[in-house]
Each structure stands twice: as structure tokens, then as C-alpha cells.
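*Asks:* One structure, as C-alpha cells, below. Some questions next.
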Amino acid sequence: MSFQAYLDNIEAKTGNSPAQFRALAVEKGFATGSGIAPGVKATQITDWLKADFGLGHGHAMAIVALLKGKTE
């Protein structure tokens with residue numbers, strides 16, 4: 001599955017676009033405008049995504065990659 005397919009599936013499941021996940025992560029203090037906030041671990045982000053949005057580990061890690069700046 002391509003990275004874009006992961007993002008498309010996440011949006012279909014949650015109703016949140018990649019930009020919305022970026023904004024939510026910034027609100028939660030997990031990310032800044034340029035990447036993951038200093039001291040934040042991927043596990044903190046994946047735990048949040050699994051609990052609040054019902055994402056599986058692979059899809060949660062796709063959001064982590066997105067927050068780190070991956071585009072494809």
C-alpha cells in the first residue's frame with residue numbers, strides 16, 4: 001500500500017484530512033509547524049491516535065511519518 005493510500009484510508013475512516021491531523025497534533029503539543037515537537041516519542045502519538053481515532057498501528061505510524069515531513 002502506498003503512503004497516499006494510507007492517508008486516504010485514514011481520512012475515510014476518521015473524516016480528518018492530513019492537514020487536520022497536523023493541526024490536532026500541534027494543539028496536543030505533539031508537533032510544531034516543522035515536525036514532531038522536541039522530546040515527543042512516536043509511541044505517545046500512536047497511543048493518542050489509537051485511543052481517540054481507532055487507528056491501527058500501521059495507520060498511526062503513517063500519521064507519525066506525516067508529522068515528520070514525509071510526503072510520499
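*Asks:* Based on this model, can you work out whether A31 counts as touching a Phe, Trp or Tyr at 6+ places or on another chain (Cβ under 7 Å) and of a type outside the set (V, I, T)? Quick ask: steps written out before the conclusion?
*Replies:* Working: touching a Phe, Trp or Tyr at 6+ places or on another chain (Cβ under 7 Å): no; of a type outside the set (V, I, T): yes.
Spelling it out, it is not the case that A31 is touching a Phe, Trp or Tyr at 6+ places or on another chain (Cβ under 7 Å) and of a type outside the set (V, I, T).
*Asks:* Another question about this same structure. Would you mind finding the one in I10, I63, I45 that is touching a strand residue (DSSP E or B) at 6+ places or on another chain (Cβ under 8 Å) and crowded, with 17+ Cβ neighbours inside 10 Å?
*Replies:* Working: I10 fails: touching a strand residue (DSSP E or B) at 6+ places or on another chain (Cβ under 8 Å); I63 fails: touching a strand residue (DSSP E or B) at 6+ places or on another chain (Cβ under 8 Å).
Checking each option against the conditions leaves just I45.
*Asks:* Another question, then. Note down all Cβ pairs under 6 Å where the first residue falls in region 43-72 and is in a loop (DSSP other than H, G, I, E, B), the second is modelled with pLDDT under 95 and of a type in the set (F, W, Y), and they're at least six residues apart or on different chains.
*Replies:* Cβ pairs passing all conditions: E72/F3.
*Asks:* Further question on the same structure: For region 48-69, how many residues are among the charged types (D, E, K, R) and under 11 Å from the mean Cα position of the chain (by Cα)? It would help to see each step written out before you state the result.
*Replies:* Filtering region 48-69 down to residues among the charged types (D, E, K, R) leaves 50, 52, 68.
Filter once more, keeping what is under 11 Å from the mean Cα position of the chain (by Cα): 50, 68.
Total satisfying the criteria: 2.
The values are calculated or read from the model by the stated rules, or taken from the named source; none is laboratory data. Bear in mind the structure is a predicted one, so any value in this text is a computation, not a measurement. Note that we place each Cβ from the backbone using ideal geometry, even for glycine, and neighbour counts take in every protein chain shown.
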